[in-house]
There are 6 protein chains.
Amino acid sequence: MRPSGRQPNQLRTVSLEPDCNKYAEGSCLVRFGETTVICTASIDERVPPFLRNTGRGWVTAEYGMLPRSTGSRMDREAARGKQQGRTVEIQRLIGRSLRAVTDLAALGERQIKIDCDVLLADGGTRTASITGAYVALHRAMASLVARDLLKSIPLIGEVAAVSCGIYKGVSVLDLDYDEDSNAEADANFVMTGAGGIIEIQGTAEAEPFSEAAFGELFTLAKGGIGELVGLQREALA
Amino acid sequence: MRPSGRQPNQLRTVSLEPDCNKYAEGSCLVRFGETTVICTASIDERVPPFLRNTGRGWVTAEYGMLPRSTGSRMDREAARGKQQGRTVEIQRLIGRSLRAVTDLAALGERQIKIDCDVLLADGGTRTASITGAYVALHRAMASLVARDLLKSIPLIGEVAAVSCGIYKGVSVLDLDYDEDSNAEADANFVMTGAGGIIEIQGTAEAEPFSEAAFGELFTLAKGGIGELVGLQREALA
Amino acid sequence: MRPSGRQPNQLRTVSLEPDCNKYAEGSCLVRFGETTVICTASIDERVPPFLRNTGRGWVTAEYGMLPRSTGSRMDREAARGKQQGRTVEIQRLIGRSLRAVTDLAALGERQIKIDCDVLLADGGTRTASITGAYVALHRAMASLVARDLLKSIPLIGEVAAVSCGIYKGVSVLDLDYDEDSNAEADANFVMTGAGGIIEIQGTAEAEPFSEAAFGELFTLAKGGIGELVGLQREALA
Amino acid sequence: MRPSGRQPNQLRTVSLEPDCNKYAEGSCLVRFGETTVICTASIDERVPPFLRNTGRGWVTAEYGMLPRSTGSRMDREAARGKQQGRTVEIQRLIGRSLRAVTDLAALGERQIKIDCDVLLADGGTRTASITGAYVALHRAMASLVARDLLKSIPLIGEVAAVSCGIYKGVSVLDLDYDEDSNAEADANFVMTGAGGIIEIQGTAEAEPFSEAAFGELFTLAKGGIGELVGLQREALA
Amino acid sequence: MRPSGRQPNQLRTVSLEPDCNKYAEGSCLVRFGETTVICTASIDERVPPFLRNTGRGWVTAEYGMLPRSTGSRMDREAARGKQQGRTVEIQRLIGRSLRAVTDLAALGERQIKIDCDVLLADGGTRTASITGAYVALHRAMASLVARDLLKSIPLIGEVAAVSCGIYKGVSVLDLDYDEDSNAEADANFVMTGAGGIIEIQGTAEAEPFSEAAFGELFTLAKGGIGELVGLQREALA
Amino acid sequence: MRPSGRQPNQLRTVSLEPDCNKYAEGSCLVRFGETTVICTASIDERVPPFLRNTGRGWVTAEYGMLPRSTGSRMDREAARGKQQGRTVEIQRLIGRSLRAVTDLAALGERQIKIDCDVLLADGGTRTASITGAYVALHRAMASLVARDLLKSIPLIGEVAAVSCGIYKGVSVLDLDYDEDSNAEADANFVMTGAGGIIEIQGTAEAEPFSEAAFGELFTLAKGGIGELVGLQREALA
């Protein structure tokens, strides 16, 4: 039995609230159960140096956690003067995932900066961030269309992410903190609405796991991604 | 006329929601109009080195703004590796203000760390932070009493803060961003529920201002602080 | 009785020696009793990015203390790789205070950088710094006039600063270290030669103080600022 | 056809030279084709704070590239004062991979620090690092056994790593730089000698890839890992 | 002819004012012509970790320049967050030079920290720093004797330093800035009162120089060091 | 007797392998006994800002040690976020030494960046670095000639470096680690093939040394430099 009483293939209650920030060109407050993340998308008409005069745009992401988003207070990264390795890993993953569904040439020579800030962390902050960031990115692109700066939204697909893991020997979908901190293995899947794989990261936490076990996680993930993409479509409708 | 249509001595709509964070020993979501700040109070049983074996405790504060809490996106301080001068100033002010109403000997040899994170900034983030942080601090102290670690809440007063300024020649209370960015002078007042002064910071933004003008700001502040302390009492009731 | 034997409204012996540095366009060695600060003003024909092509100039300040300017040696900030919060606060205050009396449009698109370096600290380093920095700034501006780069000195007023505090229940002017470290309250006043307020920062060190007490400090400050401005005029004559 | 003329399932020439460093407790010079990495394992009798007095040990890793290990010179991270995000990601991966096959309780309260320094980079530096680091780790553990500090080598398995990718539509094993920089997708597989999965990281570089394609990569990886583990056994024999 | 009109073997006017800082255990204001440096010696009863429980002491040094000690303002190292390479080199040289004449065992398990802060730089700041720092160190050690913490001053010799160089083909002593910035070669000599060599650093600025030329510089240095040691003796008498 | 059994005037076995790095425009693997350093020279068509539009070029150097190049593992400078003082000193010395034999005007407005990375440190890493870096620099310049970007190699001399020291009262050439860590004095000599002095750094490690002793070290150095320059000529032939 899962601590939350969920079925193995059951997501937590997920909500996506677009336009939660009055200043940002795009934004979304995403909740995966208690995990809560504010995602904003900010348009910057300047691109990084390596893209100047190429006509191509860029999407990048930064990630942070409020110091008390966690059970014990974490040090504030700004005060320590350094982002942790985990933070760097996650923000790079978010950026890659969004670029994979963006038509950077169609975006034109501008940059969209995604910020994912975790207000409360109860497992799955990176998958919630990607899922919410897609909505924020879409909203920001829609604002460019609304201002006649683009003819259509330069996305070539939808993207969502979910974690799966082996908890007490059972493959389960969308780990919460209790499960995550005791899982034998966990994997994050970033996939498109059409079922394409963008990124897979699987890690054995205790013993190595088998190809068969990995297959089970994959199957769960496909189901979860399907549900999440459905919720994204509703939120953007 | 004020851009918001408020009277000169009128606060914005202020709300204080205690216990907004399930992990923190004390917390409060504070809104001064659109300005929104999450304040958490985290108890740490270790004190800074200069207080070890003194039997006395400490209250300290950190402050941050989400990158898109503002009209244009700010750089993330954690990514730049450095807190800005303004950030350092504000978090020192919050810490001093709360220590001024704390009985550090009665708190005992433990530290309470306040985090004020601005979700949306529309002027007055430092005064909202102090006002909300007092509620979070009180809740954290109450948790120590509830766990029989303290006999009573080690506070010797209430503390709230408000800004005043001269806008188009008129002294007004609780500046929003439109007013703040055009004010001839502004001042932040940190005061106790009993009307004592904890901190006054007044700055001429354009021309120097007179003692009489300063007196007007002071009078407005006393009224505003009175209302804020009333709201704090309701929130903690 | 004050430890120094001074009257409550009595400044320490103050001296201002302009042109103490042969390289700087303007400079002043300022002493408030034992507190000793070298102030230099350096002209830079480049302005910060936000002022480029605006025709307007800028005045900014940096502050530092020699490691052994204090009773116990402080860590060298350059070696620690970081300026302390207090340092940042003070240099921002010095910069704001000088900009408040500078006609930035008349200065033209150039920057004057003030450096205040404390050789010996016996209380009041920030007020001595502002008072001396005004003289250094004036001298640097005079050099621009002498070189026919400006027609007249682009200052719209004089500025000096002094601290006041409540020491053993008595309001006193210009705290030295012995007083400052034991004061119940202290306040720094930055005012113009014409009596206008540029900046007020008052802080309760122990208990909150009353409006009446604050009024007493203000009265002392006005007297002290008047004397300091007189000394500045003599030094610049 | 692959640029190197290799078959799709063909590794580059791989060599593992143990004990290449006379000071380190364990070391291995690993080459995957032209890619060359020095791996050292250093024993430290102190553990990180979170393990003190637990009786358990730790294995951690750091990764670096010589500035001219690459076609164009990279900035030296020590001179820039910061490790890049990619560096942090890789060194965390190496550490996790080695810990997955280490019996940390049997290791006892000591730490083994792995350093992987890339002399020449021609694709696959992270997989070469893991494969060589395993040999260095084994040698360091053998030195503890030789000194009677441990009864047996505290490893519960072997670990090696290899990359696979889709290059011009074909799934290929062990990408070199020419392939890597043009691959449609690439994936890194970290597996045990017994075929268990320790870590999988797959990324679409251009379009999302299918589950079937991922299966092909997996099959190639299993073959490659088998060969690499064979070479490790020879090197350690 | 030298720009200053000095003879080739003539020092600038040198002055040494001990006890210039009322807080420091030892101090000396040193002037080599216009070059002006405040040297302080601060006693710290804690030693660096590598000396704990060895009964031996340590002498270390830090060096800094006020931003406007130079003809054009330098960036403040504390604000840039980093000491320059030149600064690091100089402070290491000062520390080594003083340790060479200190009986670290006789000093006992305490540390003396030297700070050399340049108020005005006109060439020779490192040699002036060493020469003045010796006086400050001696005064600090005398204070330990005066407080009965040591029986005698734990110095095994005197140390002074001077630069020499080849300027317009002529070997000259004690270069000022005009000479230093145009010298064909320059060398810094750190020697004892008894004529022993502590440190020699010679550098060709333009073409390599000959052994004979180096011999000339050495001869000049010996004369200069003799005069400086004489002045140190007077200052400490 | 020397620990290695060498004669006082005997170098260790020195080898110089040019073109050890396939990417770098110039490179050399240098060994002084067990001390092993990879030197690369990278051509950058951009010069530092102070040389733009002057037509003159630049040669600069960076130095690093692999963490386990030493008997006990050193912290990785990239991970600590800071280069040590010793590192900074050495890389500045390497850069100055190479610039002293380079015709910067003939090089033209481009920069050559030298990287010296120590794989194994057994004393003399800075002298081995300079000696090997000269070969790498020469090879990089030859590549410019080969590509018709320069008519001839812009070097005005050869440069090599060697250490000497007083070990157990005897002056010896080319100290290894055992000698270096016990030497009474040591000195590094950087000289040209024609016998000119580029840089001399001599340091008393225990007691001050005499002029006569210094003369002995100088004589040894001249012999050693002669041999090293011979080996450089062979390597470049």
Rounded to the nearest 20 Debye, what is the dipole magnitude of the stretch A:147-237 about its Cα centre when Lys and Arg each give +1 and Asp and Glu each give -1 at the C-beta?
-> 620
Pairs over 23 Å Cα to Cα, from D:LYS113/D:LYS151; A:LYS82/C:LYS113; B:LYS82/D:LYS82, come to A:LYS82/C:LYS113
In degrees, nearest 10, the alpha-carbon axis of helix C:85-99 is tilted away from the dominant principal axis of the alpha carbons of chain C by 60
Check each of the trypsin sites (Lys or Arg not before Pro) in the stretch C:1-80 and keep only those in coil by DSSP with at most 14 other C-beta atoms within 10 angstrom; list them in order.
-> C:LYS22, C:ARG46, C:ARG52
Gain upon complete extension [A:GLU207, A:VAL170; 0.36 nm per residue less C-alpha separation] | 11.9 nm
Antiparallel DSSP beta bridges within the stretch B:14-236, as percent of all bridges there, nearest 5 | 85
Nearest 20 debye, what's the magnitude of the dipole of chain B about its Cα centre given +1 on Lys and Arg Cβ and -1 on Asp and Glu Cβ?
-> 740
Computed over the protein assembly as shown, the distribution of all Cα-Cα distances in 10 Å bins, rounded to whole %, is 1, 7, 13, 18, 19, 18, 14, 7, 1, 0
Sort C:THR127, F:THR70 so the one with the fewest other Cβ atoms within 10 Å of its own Cβ comes first.
-> F:THR70, C:THR127
Anchor A:LYS168: lysines whose Cα lies under 26 Å away (excluding residues fewer than 8 positions away in-chain) = A:LYS222
In Hz, Karplus ³J(HN,Hα) per residue of the stretch C:159-168 (6.51, -1.76, 1.60; θ = phi - 60°; x = Gly, Pro) | 9, 9, 9, 8, 9, 9, x, 9, 10, 6
For the stretch E:77-235, one quarter of the surface area of the C-alpha convex hull, expressed in nm², comes to 10.9
Rounded to 10°, Cα long-axis angle of helix B:211-236 versus longest principal axis of chain B | 40
Stretch D:GLN84-D:SER15 to full length: gain in nm at 0.36 nm per residue minus the Cα-Cα span?
-> 22.0 nm
Label points 7 Å out from Cα along the Cβ direction at D:ARG233 and A:ASP75: separation in nm?
-> 4.5
Comparing C:VAL162, C:VAL37, C:VAL47, which has the greatest mean-square fluctuation in the GNM of chain C with Cα pairs linked when under 10 Å apart?
-> C:VAL47
Exposure proxy check on B:TYR134, F:TYR167, C:TYR23: fewest-to-most Cβ neighbours within 10 Å is C:TYR23, F:TYR167, B:TYR134
What are the label-to-label distances in nm, one decimal and shortest first, from E:LYS168 to the same spot in the other copies, with labels 7 Å along Cα to Cβ?
-> 5.3, 6.6, 7.2, 7.2, 9.3
DSSP bridge orientation in the stretch A:5-123 - percent antiparallel, rounded to nearest 5 = 70
Between the label point of C:THR54 and that of the same position in each other copy, find the distances and list them shortest first in nm, with every label point placed 7 Å from Cα along the Cα-to-C-beta direction.
-> 3.4, 3.4, 4.3, 5.4, 5.6
Given the options C:CYS20, C:CYS39, C:CYS164, which has the most mean-square fluctuation in a GNM of chain C, springs set between C-alpha atoms less than 10 angstrom apart?
-> C:CYS20
Once Lys and Arg get +1 and Asp and Glu get -1 on their Cβ, which of B:PHE209, B:ASN21, B:ASN188 lies farthest toward the positive end of the dipole of the stretch B:14-236?
-> B:ASN21
Cα-centred dipole magnitude for the protein assembly as shown, charges only on beta-carbon of K, R (+1) and D, E (-1), debye, nearest 20 | 0
Closest approach to the B-E rotation axis by any Cβ of B: residue and distance in angstrom?
-> B:GLY81, 5
Hey, how many Å between the Cα centroid of the stretch E:201-227 and the Cα centroid of the stretch C:136-196?
-> 51
Taking the label point 7 Å from Cα along the Cα-Cβ vector, the copy-to-copy distances for D:GLY215, listed from shortest in nm with one decimal, are 0.8, 8.7, 8.7, 8.7, 8.8
Relative to the longest principal Cα axis of chain B, at what angle does helix B:125-146 sit, 0 to 90 degrees, rounded to 10?
-> 20
Label-point separation in nm, B:ALA106 to B:SER4, each point 7 Å along Cα→Cβ = 3.4
Is it possible to state the helix-based mean residue ellipticity at 222 nm for the protein assembly as shown, with each DSSP H run of 4+ residues giving -39500 (n - 2.57), the sum divided by total residues, to the nearest 500 deg cm²/dmol? What is it?
-> -10000 deg cm²/dmol
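Bear in mind that the values in this text are calculations on the coordinates, not laboratory data. As the structure is a computational prediction, the values presented were derived from the model and not from experiment. Positions of Cβ are generated from backbone atoms using ideal geometry, with glycine treated the same way; all protein chains shown enter the neighbour counts.
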